[in-house]
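Written out below as structure tokens is the structure these notes cover.
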Amino acid sequence: MTQASPINNQRKTDYPVNSQFTDRWSPRALTGEPIAEAELMSMLEAARWAPSSNNAQPWRFAVVLRSDPQWDALFNTLNPSNQTWAGKASALVAIASANLATKAGSTESVPNGMHAFDTGAAWAYMALQAHLNGWSMHGIGGFNKEAGAQVLNLPANHTLQMLAAVGKRGDAAQLPDALREREAPNARQPLSSLAKRGSF
Ligand SMILES: Cc1cc2nc3c(=O)[nH]c(=O)nc-3n(C[C@H](O)[C@H](O)[C@H](O)COP(=O)(O)O)c2cc1C
């Protein structure tokens, strides 16, 4: 098994945060080693505990391991640029949201305007838990969502949001030049440009 490249993490925070937030990042150099289903379930368990509007929990996940019959078809939905690196993922987790919700005390399904927002929170929880467990998760929005929905039998009234490549960090030497140069934790805009007092 090849060694993971050293991490050159230059991230600096404007205010103190727990290091899990700045240590988590999205590598593309992965080893392709198998992942046990129980490892993935720990990440999904974290997602399960995300907050959501009316506790509707609109997030849905389809887990596809490299050894699963759906792997090739799902991998083929990725944009070519993502195929250059995601073939060494151990699993792809497809993240969808349920567009409709049933409010407490009612049996009627109504549109849930927060389904995408809440599912984003679940993805973040999952990615942080993956990091804490020694795995990496790399979000992939660059894929054919219609094709992905077909491969995974997405039910009606659900939106396929993104895929997450899960893997162990590997050797950056395996990446194409342009990606190898970017294989490090990236920066963020200053907090002062994102958060203002009293207005946006
Ligand atoms: C919704 C979403 C879609 C993304 N799509 C892609 C993608 O198609 N290809 C890719 O290489 N990275 C993709 N990323 C990874 C982002 O580029 C990355 O999260 C961002 O640059 C911040 O870097 P970090 O995750 O290492 O902190 C995506 C991330 C998210 C959350």
query = Which order, highest average first, do 114-124, 185-195 follow once you tally other Cβ atoms within 10 Å for each residue and take the mean per peptide?
reply = 114-124, 185-195
key: Relative contact order for the stretch 35-174, counting Cα pairs under 8 Å that sit 6 or more residues apart, in percent   = 33 percent
request  = Output the peptides 173-180, 103-110 sorted from most to least packed, where packing is the average of other Cβ atoms within 10 Å over each peptide's residues.
outcome  = 173-180, 103-110
request  = Go through 155-165, 5-15, 73-83 and give me the packing order, highest mean Cβ count within 10 Å leading.
outcome  = 155-165, 73-83, 5-15
query = Using helices alone, what [θ] at 222 nm do you get for the chain, with -39,500 (n - 2.57) per DSSP H run of 4 or more residues, divided over all residues and rounded to the nearest 500?
reply = -8000 deg cm²/dmol
message = With N set to the number of residues, divide the alpha-carbon radius of gyration of the stretch 35-174 by 2.2 N^0.38 Å and report two decimals.
response = 1.07
ask   = Taking the stretch 1-116, how much of its Cα-Cα pair set, in percent, is spaced more than 17 angstrom apart?
value = 70 percent
task = Among the lysines, select those whose C-alpha is under 28 Å from the C-alpha of LYS145, and discard any that sit fewer than 8 residues away in the same chain.
result = LYS88, LYS168
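Coordinate-derived values only; no laboratory data. Computed from a predicted structure; not experimentally measured. Note: ideal-geometry Cβ built from the backbone for every residue, glycine included; neighbour counts use all protein chains shown.
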